[in-house]
Amino acid sequence: MFSLPNKVTIIEVGPRDGLQNEAKPVSTESKIEFITALQQAGIEEMELTSFVSPKWVPQMADAKEIVSAIPKIGRQFVLAPNDKGIASALDAGARAVAVFVGVSNSFNKKNINKTTAESMETLKPLILNLKQDGLFVRACISTAFYCPFEGAIKPEDTMALCRQFAEWDVDELSVADTIGMASPIESYNLFHKLVDAFPDVLMTAHFHDTRKMAIANIFAALQAGISRFDSSAGGLGGCPFAPGATGNVATEDVVNMLHRMGIETGIDLDKLCEAIKKIEPYVSNSINTGMYTLYKNRL
C-alpha cells in the first residue's frame, strides 16, 4: 500500500518565481489581481515577491507596493537575499522571509557571485537576527539534486547544507530540483533522509518540470513523508541563472493529482484556473498545462 498524507499544503510561487523571468513588465495592478485571485482560490501560503536590486530583477521593482497592497491571508513569503533586502522587506511589513543558497558552488557563483560557504557565512547572522525578532524563516536550497554546471550533487552535500540551516533554527527548508533532472527514486531517497534527519523543520519539495518528471517526483516525495510542495500557477517561471531550468511544476496539475487521490489541499481548482486566466495575457508564452488547457476548452 502507498503511504500518503490526508492533506497537503501548496506553497504558490507564481507571483515571484513565476514572474521574475518575464521579459516584458507586468504591472503592479495585474500582479495584485493575480495574487488576490489565488487567495480566493484557497491558497494560504504564497511567495509574493522578492526584495532584490531592480537592476538585476526589474520585474520585482514593485516589491514594497505588492506587500503593502495584498490582504494579509495566511503566510506570505518574500525573498530577501541580503541585509539590505531584509531591511526593505521588514520595512514593508513582511513577517516571513525566504533566503536562498545553492548546494553547488558553481551555481552559487553564477547566481550571487559567492561560493556556498561564503553565502552561508553571510546568511548566518541575518537568520539569527530574524529568528530573534520572531519572524518565520524559509531557506530555499537550490541544486539539491543536480547542477547545470557540475552535474549530479552528492546527497550528503545537500544534507550537510540543510543541517546548517536546521542548527540556525530556520522554520522551513524548501529543497529544489532546480533543473528538473531528478528521478522519482532520487526524490524518494533524498526526502526520506531529510524527513528522518530533521523532524522539527517544515520540509518542502520544489520540483521543476523540465523533463516532465515533476508529478512523478511529487508522488515519490509524498511516500517519503513530504506534505508541502512549491508550485507555480500555470507552470510559470524558472531560474534565470540555471540553463535548462525553465518550467516550475504547475499548481493546477499538482492539485488535480492530489484531489484525484483523495488528498485535501483546500484549493478550488476552477477558481485556481480563473486566477491563471487573469495573468495569462501578461506573460510571454501561452500557458498550456494539462488542467488549465482542459479548463479553457470548457469555456
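The values are calculated or read from the model by the stated rules, or taken from the named source; none is laboratory data. As the structure is a prediction and not an experimental result, all values here were calculated from the model. So basically every Cβ, Gly included, is an ideal-geometry build from the backbone, and we count neighbours across all protein chains shown.
For every residue, the table says whether it meets (1) without any contact (Cβ under 8 Å) to a residue 24 or more places away in the chain; (2) surrounded by 19 or more Cβ atoms within 10 Å (Cβ to Cβ).
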{"site": "T122", "(1), (2)": "no, no"}
{"site": "G151", "(1), (2)": "yes, no"}
{"site": "L161", "(1), (2)": "no, yes"}
{"site": "D171", "(1), (2)": "no, no"}
{"site": "A182", "(1), (2)": "no, yes"}
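Answer yes or no as to whether K24 is part of a loop (DSSP other than H, G, I, E, B), over 20 Å from E274 (Cα atoms), in contact (Cβ under 8 Å) with a residue 24 or more places away in the chain and not β-branched (V, I, T). Yes, satisfied. Checking T28, T9, T36 one by one, the residue that is touching a helix residue (DSSP H, G or I) at 6+ places or on another chain (Cβ under 6 Å) and among the hydroxyl-bearing types (S, T, Y) is T28 and no other. Checking each residue in region 266-292 for being surrounded by 14 or more Cβ atoms within 10 Å (Cβ to Cβ) and within 21 Å of M213 (Cβ to Cβ) picks out I287, T289, G290, M291, Y292.
If R138 satisfies every condition in (1) under 17 Å from the mean Cα position of the chain (by Cα); (2) more than 15 Å from S50 (Cα to Cα); (3) crowded, with 19+ Cβ neighbours inside 10 Å but one, which is the exception? That leaves (2) as the condition not met. Go through the residues of region 89-111 one by one and say whether even a single one is in a helix (DSSP H, G or I) and β-branched (V, I, T). For region 89-111, residues in a helix (DSSP H, G or I) and β-branched (V, I, T): absent. Residues considered: G225, G266. Of these, the only one that is modelled with pLDDT of 95 or more, touching a Gly at 6+ places or on another chain (Cβ under 6 Å) and more than 16 Å from L48 (Cα to Cα) is G266. When you scan region 58-77, do you find a residue that is in a strand (DSSP E or B), touching a residue at least 40 places away in the same chain (Cβ under 8 Å) and not basic (K, R), even just one? The answer is yes, given that some residue of region 58-77 is in a strand (DSSP E or B), touching a residue at least 40 places away in the same chain (Cβ under 8 Å) and not basic (K, R).
Given the condition more than 21 Å from T36 (Cα to Cα) and not basic (K, R), answer yes or no: does some residue in region 263-271 qualify? Yes, because at least one residue in region 263-271 is more than 21 Å from T36 (Cα to Cα) and not basic (K, R). Of the residues that make up region 96-114, is at least one farther than 29 Å from E156 by Cα, in contact with a strand residue (DSSP E or B) (Cβ under 7 Å, 6 or more places away or on another chain) and buried (at least 20 other Cβ atoms within 10 Å of the Cβ)? For region 96-114, residues farther than 29 Å from E156 by Cα, in contact with a strand residue (DSSP E or B) (Cβ under 7 Å, 6 or more places away or on another chain) and buried (at least 20 other Cβ atoms within 10 Å of the Cβ): absent. Contact map, region 100-114: first residue aromatic (F, W, Y), second residue assigned to a helix (DSSP H, G or I), Cβ cut-off under 7 Å, separation 6 or more or different chains; the map is empty. Do the conditions hold for L135, that is, is it of a type in the set (A, V, I, L, M, F, W, C), under 27 Å from I10 (Cα atoms) and in contact (Cβ under 8 Å) with a residue 60 or more places away in the chain? For L135, the condition - of a type in the set (A, V, I, L, M, F, W, C), under 27 Å from I10 (Cα atoms) and in contact (Cβ under 8 Å) with a residue 60 or more places away in the chain - is not met. Within region 124-136, does at least one residue satisfy the condition of being under 29 Å from Y282 (Cβ atoms) and either among the hydrophobic types (A, V, I, L, M, F, W, C) or in a helix (DSSP H, G or I) (or both)? There is no residue in region 124-136 that is under 29 Å from Y282 (Cβ atoms) and either among the hydrophobic types (A, V, I, L, M, F, W, C) or in a helix (DSSP H, G or I) (or both). So, Q40, is that one within 23 Å of C273 (Cα to Cα), in contact (Cβ under 8 Å) with a residue 40 or more places away in the chain and surrounded by 15 or more Cβ atoms within 10 Å (Cβ to Cβ) or not? Spelling it out, Q40 is indeed within 23 Å of C273 (Cα to Cα), in contact (Cβ under 8 Å) with a residue 40 or more places away in the chain and surrounded by 15 or more Cβ atoms within 10 Å (Cβ to Cβ). Pairs are defined by a Cβ separation below 6 Å, a sequence spacing of at least 6 or placement on different chains, a first member in region 236-257 that is within 11 Å of C273 (Cβ to Cβ) and buried (at least 24 other Cβ atoms within 10 Å of the Cβ), and a second member that is of a type in the set (G, A, S) and modelled with pLDDT of 60 or more; the pairs so defined are A250/G235; T251/S231; T251/A233.
There is no residue in region 139-146 that is in contact with a strand residue (DSSP E or B) (Cβ under 7 Å, 6 or more places away or on another chain), over 24 Å from S231 (Cα atoms) and touching a residue at least 40 places away in the same chain (Cβ under 8 Å).
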